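Read through the structure below, which is laid out as structure tokens, and then see the notes.
The values are calculated or read from the model by the stated rules, or taken from the named source; none is laboratory data. This one's a predicted model, so the numbers in the text were calculated from it and none came from an experiment. Heads up, the Cβs are rebuilt from the backbone with ideal geometry, glycines too, and the neighbour counts pull from every protein chain shown.
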Amino acid sequence: MISFVPLALFVVSSLPMSEIKTELTGRAKQLFGEERAEELLADIDKTAAEVTAVREFPLTIDNEL
Amino acid sequence: MNFEDLNLTQAAQYIRDGQISPVEYIHGLLSRIEQVDPRIEAWVTVCREQALVEAKACERECRQGSFRGPLHGVGIGVKDIFFTKGLRTSAGAKFLADFIPGYDAHCLTSLRKAGAIVLGKTVTTEFASFDPGPTRNPWNTAHTPGGSSSGSAAAVAARMCPAALGSQTVGSIGRPAAYCGVVGIMPTQSRVSRSGVFPVSWTLDHIGGLTRSVADARLLLEGLSGESISVTRRSERVRMGVVRGFFSAKATPETSEIHERLLTKLGAHFDIVELELPAVFEIQNSILATILRTEVASAHTEYYRKHSMLYSRKLRGLVETGMLVDSLSYLRARRLQKVYQREMRKMIDACDVVISPGAMDTAPEGLGYTGDPGFSGPWALADFPTLTLPCGIASNGMPVGIQLSAPPMNESRLFSVAEQVEGAIGFKATPPSN
């Protein structure tokens, strides 16, 4: 059965990349198991870098208009 | 007459004029496939009998002076992610090896109405993602043709068909077009229906194709969309925008040199305008990748649950990391895409089209990697219709391409300028063993 990690940490938009990576890795372990999560580490690094860039770029209601 | 040398426009015209018979023409293309494909491996399925049955029907209609449409009797290839009624559609996936759809993709129905005859299905990377198929580059079979529209680009370059359908989420039309020395058209997303095409990313998928000339690309797009695209030349000089920065930094020295030489040549015909990429361009790849991962994961939820162990390595990794991305990050990426699109449109306001190198380098050696799509992704994310066309040959004998991009729904302007650029370049080379 697939279970879900609480999303509380994701709500904070300015998490450093290392924390985002930790969060993604934890979720991968829960979804796919320790071994598969280990195999995915390089992909998780890349995903964490992309998510960090998306979260850190300034985005306000003004610049969305 | 060598039927394989006829491009799409010529073949359609010769059939209409009665200079060639649809049966002889289709037979000629099928013979060419038999002769060349064992070396290139561009086709998953060739539907020889059905193509000849349709050619005979087209020929009867020709004799009665009746033509289905502008592509009457012309043979095309169809990337194996487009549904084809009664014809195997495997999407490059092991677990779909025997899947036969009950209907055609909407855009294929439109092409058939225009008179096109399906010769067969062309190789795609697995689900149009990053795991390569067996296809080789006709310019040098030790090199990749690019992906994901690998078979379509290689089949057109090797003269096995004058046109083939492709799709682009990041760089799946532009990159193989550049690597194989053919023309690729990625239209505005809403121009061509995606109904009946395996999705990669609903936000980013574009339907288009590969041909051997700009006029052919327009004809193919008209068939795919069912809409006419007029081309009118303006009396004033065209303003051609150049973006350096990111593109100059990432291109190999030889690609940059060929591109700069071309700009000098084009300066005689066009006003070259230097453009500055907006600040949000810095994270365009992260925006694109976040949307792509998440949507791939969503599209594959059911298949993954049943067949995860049958996925190839790269796609499986993409699906699984997509499952890790939280909804707030995904939605933020979608919001940023809108900002990116708006800023890119502001940038292009200063000109008619933007020119950029078609790929960072020529097709890489080896078949295990389809190359870097990083020069195509920015235009797919912006939803700018983009034409890729060949502009020269590098020192390793492989073709080099350029891209021309216009604001969304400005295909008319794009084709008009591209025809002028194509004429100024005068690219005539063909694969050496052709």
Selection from the stretch B:317-338 of residues that are facing another protein chain (nearest Cβ under 9 Å) and either more than 21 Å from B:VAL280 (Cβ to Cβ) or among the β-branched types (Val, Ile, Thr) (or both): B:GLY317, B:LEU318, B:GLU320, B:THR321, B:GLY322, B:MET323, B:LEU324, B:VAL325, B:ASP326, B:SER327
Specify which of the listed residues (B:THR124, B:THR109) is in a loop (DSSP other than H, G, I, E, B), closer than 24 Å to B:GLN189 by Cα and either of a type in the set (Val, Ile, Thr) or without any contact (Cβ under 8 Å) to a residue 40 or more places away in the chain (or both). B:THR124
If you take the residues in the stretch A:11-65 that are outside any helix (DSSP H, G or I) and surrounded by 15 or more Cβ atoms within 10 Å (Cβ to Cβ), which one is farthest from the other protein chains (Cβ to nearest Cβ)? A:LEU15
Elements of type strands (runs of 3 or more DSSP E) in the stretch B:316-424, at least 3 residues being over 25 Å from B:SER256 (Cα atoms): none
Criterion first (over 30 Å from B:SER21 (Cβ atoms), surrounded by fewer than 21 Cβ atoms within 10 Å (Cβ to Cβ) and touching an Asp or Glu at 6+ places or on another chain (Cβ under 6 Å)) does B:PRO101 satisfy it? no
Determine, yes or no, whether B:SER308 is buried (at least 17 other Cβ atoms within 10 Å of the Cβ) and among the hydroxyl-bearing types (Ser, Thr, Tyr). no
Could you grab me the full set of residues in the stretch B:292-310 that are touching a residue at least 24 places away in the same chain (Cβ under 8 Å), closer than 19 Å to B:THR169 by Cα and more than 9 Å from every other protein chain (Cβ to nearest Cβ)? B:LEU292, B:THR294, B:GLU295, B:VAL296, B:ALA297, B:SER298, B:ALA299, B:HIS300
Within the stretch B:378-414, considering residues that are under 27 Å from B:SER286 (Cα atoms) and polar (S, T, N, Q), the one farthest from the chain's Cα centre (by Cα): B:ASN410
Collect the residues in the stretch B:262-291 that are more than 24 Å from the chain's Cα centre (by Cα), within 14 Å of chain A (Cβ to nearest Cβ) and closer than 30 Å to B:GLY392 by Cα, keeping them in residue-number order. B:PRO278, B:GLU282
Any chance B:ARG244 is at pLDDT below 95 and under 18 Å from B:LEU387 (Cβ atoms): no
Looking at B:VAL319, B:VAL325, can you tell me which residue is in contact with a His (Cβ under 6 Å, 6 or more places away or on another chain), crowded, with 21+ Cβ neighbours inside 10 Å and either at pLDDT 95 or above or hydrophobic (A, V, I, L, M, F, W, C) (or both)? B:VAL319
If you scan the stretch B:11-35, which residues turn out to be more than 17 Å from B:LYS56 (Cα to Cα) and touching a residue at least 60 places away in the same chain (Cβ under 8 Å)? B:ARG32, B:ILE33
